[in-house]
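To keep things clear, I will list the structure first and then write my remarks on it.
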Amino acid sequence: MSSTRIGLTGGIAAGKSTVADIWRAAGATVIDSDVLAHRALEPGTATHREIVTTFGAGILNFDGTINRRQLGEIVFADAARRQALNAIVHPVVRAEWQRELAAATGIVLVVIPLLFEVGAEKEFDCVVVVGCSEATQLARLAAKGLPVAQARSRIQAQLPLPMKMDRGNFVIWNDGSRAVLHRQAEQIWKKIKES
């Protein structure tokens, strides 16, 4: 059985995970690059060792795990350091989702926040972009405890949302209620299944 490959991307705190959950419940196989990145950072991996070598042992928690918030503060304050981290993590994560994608059948959704930034759009039959206003992003990130300045730097580190939306095959705008998001996700799911 062949598969339909969907790339899901969008702005930070736009609702990608919620859309992925809706489609998982509808029958999609979901591969989340953030989950793969977390796995790549686990102690004992080559990626973990390279990150500690690059950024120093000061980014480690007492148990040897990487303090992601502390690492985030470093890389989102310095574009060169962010590029260094991306050069370590992105190839490992990409190889893993490509492996999982090749083995999957049916409708397969790969969640990649930086899909366009890493030039992965050609790997998919269609790309869905989830967006919302910057005010909504800031409010959602603040609710997760991220200071406004750090939230802004994370938003600005991504390709501007209008550019992502222009390049996607489908757009879900998530500034409203969860019910509105569900309706949009269900409509697009139906179109993808029919294509």
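Can you spot a residue in region 97-112 that is of a type in the set (S, T, N, Q), in a helix (DSSP H, G or I) and within 20 Å of residue 30 (Cβ to Cβ)?
yes
Six or more apart or on different chains, Cβ under 7 Å: which pairs go from a residue in region 72-96 that's surrounded by fewer than 16 Cβ atoms within 10 Å (Cβ to Cβ) to one that's part of a helix (DSSP H, G or I) and of a type in the set (Gly, Ala, Ser)? Could you list them?
77/153
Of these, 106, 168, which one is in contact (Cβ under 8 Å) with a residue 60 or more places away in the chain and surrounded by 13 or more Cβ atoms within 10 Å (Cβ to Cβ)?
168
For residues in region 152-165 being aliphatic (A, V, I, L, M) and in contact (Cβ under 8 Å) with a residue 60 or more places away in the chain, which is farthest from residue 82 (Cα to Cα)?
This residue is 161.
If you go through region 120-153, how many residues are polar (S, T, N, Q), farther than 17 Å from residue 173 by Cβ and modelled with pLDDT of 95 or more? Show your work before the answer.
Filtering region 120-153 for residues polar (S, T, N, Q) gives 133, 136-137, 150, 153.
Pick out the ones that are also farther than 17 Å from residue 173 by Cβ and you get 150, 153.
Among the residues that remain, those that are also modelled with pLDDT of 95 or more are: none.
Count: 0.
Hey, does region 122-129 have a residue that's acidic (Asp, Glu), in a helix (DSSP H, G or I), within 18 Å of residue 32 (Cα to Cα) and touching a strand residue (DSSP E or B) at 6+ places or on another chain (Cβ under 8 Å)? Outline the logic, then answer.
Going residue by residue through region 122-129, those that are acidic (Asp, Glu) are 123, 125.
Now restrict to residues that are in a helix (DSSP H, G or I): 123.
Narrowing the set further to residues that are within 18 Å of residue 32 (Cα to Cα) leaves 123.
Retained after the next criterion (residues that are touching a strand residue (DSSP E or B) at 6+ places or on another chain (Cβ under 8 Å)): 123.
The answer is yes, given that some residue of region 122-129 is acidic (Asp, Glu), in a helix (DSSP H, G or I), within 18 Å of residue 32 (Cα to Cα) and touching a strand residue (DSSP E or B) at 6+ places or on another chain (Cβ under 8 Å).
Can you name every residue in region 99-120 that is touching a strand residue (DSSP E or B) at 6+ places or on another chain (Cβ under 9 Å) and either at positive phi or polar (S, T, N, Q) (or both)?
Selection gives 105, 106.
Residues being touching a residue at least 12 places away in the same chain (Cβ under 8 Å) and closer than 20 Å to residue 95 by Cβ: count how many of those fall in region 47-65.
Qualifying residue count, region 47-65: 5.
Pick from region 21-48 the residues that are within 21 Å of residue 181 (Cα to Cα) and part of a helix (DSSP H, G or I): which of them is farthest from the chain's Cα centre (by Cα)? Working first, answer last.
Going residue by residue through region 21-48, those that are within 21 Å of residue 181 (Cα to Cα) are 21-32.
With part of a helix (DSSP H, G or I) added as a condition, the list becomes 21-25.
Working: 21: 14, 22: 16, 23: 16, 24: 16, 25: 19 Å.
Looking at the filtered set, the residue picked out is 25.
Before we move on, is residue 58 part of a loop (DSSP other than H, G, I, E, B) and surrounded by fewer than 17 Cβ atoms within 10 Å (Cβ to Cβ)?
No, not satisfied.
Of all residues in region 137-185, which are in a loop (DSSP other than H, G, I, E, B) and under 18 Å from the mean Cα position of the chain (by Cα)?
Residues satisfying the conditions are 144, 146, 157, 158, 159, 160, 168, 169, 174.
The values are calculated or read from the model by the stated rules, or taken from the named source; none is laboratory data. Everything numeric in this text was worked out from a predicted model, so none of it was measured. So basically every Cβ, Gly included, is an ideal-geometry build from the backbone, and we count neighbours across all protein chains shown.
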